[in-house]
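Each remark here refers to the structure printed beneath this line.
The values are calculated or read from the model by the stated rules, or taken from the named source; none is laboratory data. Computed from a prediction, not measured in an experiment: that's the story for all the values here. Note: ideal-geometry Cβ built from the backbone for every residue, glycine included; neighbour counts use all protein chains shown. Each accessible area value is taken on the protein alone, full model and side chains, heavy atoms only, with ligands, DNA and RNA left out. Shrake-Rupley method; radii C 1.70, N 1.55, O 1.52, S 1.80 Å.
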Amino acid sequence: MTKKPHFKAMLTYLPTEDGGIATPVSSGFRSVIRFPFDQQEFIANQTFLDTDLAFPGDILSADILVLDAKDVLGKIYEGIDFELLINSNTIGSGVITQIYQ
């Protein structure tokens, strides 16, 4: 059974010198996301739409699947922003551009 993504987002990865990733990441990359409405963190799988790799400083579109999403799905909406984190360090940000039903 394949799980469907919850939403599409425009992701912005910080450059390495600003605390972003040091090496490229592949489509399917998992990071933590945090929305501004609380400090709860969610593990999210990112499937890049136009490329297979994301480099430091890249801006790209991705389908996002939030693991254990029941606590977040009723609170998110198109246009809401979120942080991308690894080990509590911000590596980028995102904005939801489309929510899938």
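Length gain on complete extension for the stretch Gln98 to Thr47, per 0.36 nm per residue less the alpha carbon to alpha carbon distance?
Once the chain is fully extended between Gln98 and Thr47, it gains 16.9 nm.
Provide, as a two-decimal number, the C-alpha radius of gyration of the stretch 1-47 over 2.2 N^0.38 Å, N being how many residues it has.
For the stretch 1-47, the normalised Cα radius of gyration is 1.32.
Identify all lysines with a Cα-Cα distance to Lys75 below 17 Å; exclude those on the same chain that are fewer than 8 residues away in sequence.
In chain and number order, the partners are Lys8.
Round to a whole number: what % of the accessible area of the chain belongs to carbon and sulfur, probe 1.4 Å?
51
Run the Debye formula on the Cα coordinates of the chain, all scatterers equal and no solvent, and tell me log10 I(q)/I(0) at q = 0.19, 0.20 1/Å.
-0.87, -0.97
Ranked from highest to lowest mean number of other Cβ atoms within 10 Å per residue, what is the order of the peptides 26-37, 54-65?
54-65, 26-37
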